[in-house]
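The values are calculated or read from the model by the stated rules, or taken from the named source; none is laboratory data. All of these numbers come straight from a predicted model, not from anything done at the bench. We place every Cβ from the backbone using ideal geometry, glycine too, and count neighbours over all the protein chains shown.
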Amino acid sequence: MGRVVHFEIHVDDMERAKKFYGEVFGWTFEDWSDYAGMPYFGAVTGDADQMGINGALMKRHGAPPQPGQAMNGFACTMGVGDYDATEAKILHLGGKVALPKHALPGMAWQGYYMDTEGNVFGVHQPDVNAK
């Protein structure tokens with residue numbers, strides 16, 4: 001079985017992206033640029049004993065996604081404990097709503113956002129009372 005073990009987010013402005021993901025989700029970063037041969041920062045997304053994966057921010061090598069275009073790649077979704085507080089941070093730090101918060105009835109609150117680099121990502125807060 002091919003389980004996802006790592007992700008990469010392509011960015012135009014590394015410091016801006018590190019600030020965005022660090023402040024919204026509490027991620028920390030390790031400079032792996034020498035190993036990768038380009039601007040590349042490993043993203044530690046949580047404690048090693050918790051469910052989830054780590055990834056990286058890497059320098060974009062092509063055109064960024066265009067606003068309003070259909071999804072044409074993977075979308076990573078981050079689990080959060082407080083959807084509304086997370087959305088407030090996203091918007092405060094320059095992110096935008098791509099698809100507003102909506103209920104996955106009996107399971108969770110879900111929504112999609114555009115980061116400061118034009119990438120779309122999801123936010124998911126489990127809630128059995130969502131409707």
With (1) closer than 24 Å to Ala108 by Cα; (2) surrounded by 11 or more Cβ atoms within 10 Å (Cβ to Cβ); (3) at pLDDT 95 or above as the list, and Ala75 as the residue in question, which single condition is left unmet?
(3)
Just to be sure before I move on: is Phe41 in contact with an Asp or Glu (Cβ under 8 Å, 6 or more places away or on another chain), at pLDDT 95 or above, aromatic (Phe, Trp, Tyr) and under 23 Å from Gln125 (Cβ atoms) in the structure I sent?
no
Inspect all residues belonging to segment 35-45 and state whether any of them is part of a helix (DSSP H, G or I) and over 19 Å from Leu93 (Cβ atoms).
yes
Residue hits (segment 53-80; within 26 Å of Pro126 (Cα to Cα) and touching a strand residue (DSSP E or B) at 6+ places or on another chain (Cβ under 7 Å)) are Ile53, Asn54, Gly55, Ala56, Met71, Ala75, Cys76, Thr77, Met78, Gly79, Val80
Which pairs turn up if I take residues in segment 54-67 that are at positive phi and look for partners that are of a type in the set (D, E, K, R) and part of a strand (DSSP E or B) with beta carbon separation below 8 Å, at least 6 apart in sequence or on another chain?
none
The condition from (1) surrounded by fewer than 10 Cβ atoms within 10 Å (Cβ to Cβ); (2) within 16 Å of Val123 (Cα to Cα) that Gly95 misses is numbered (1)
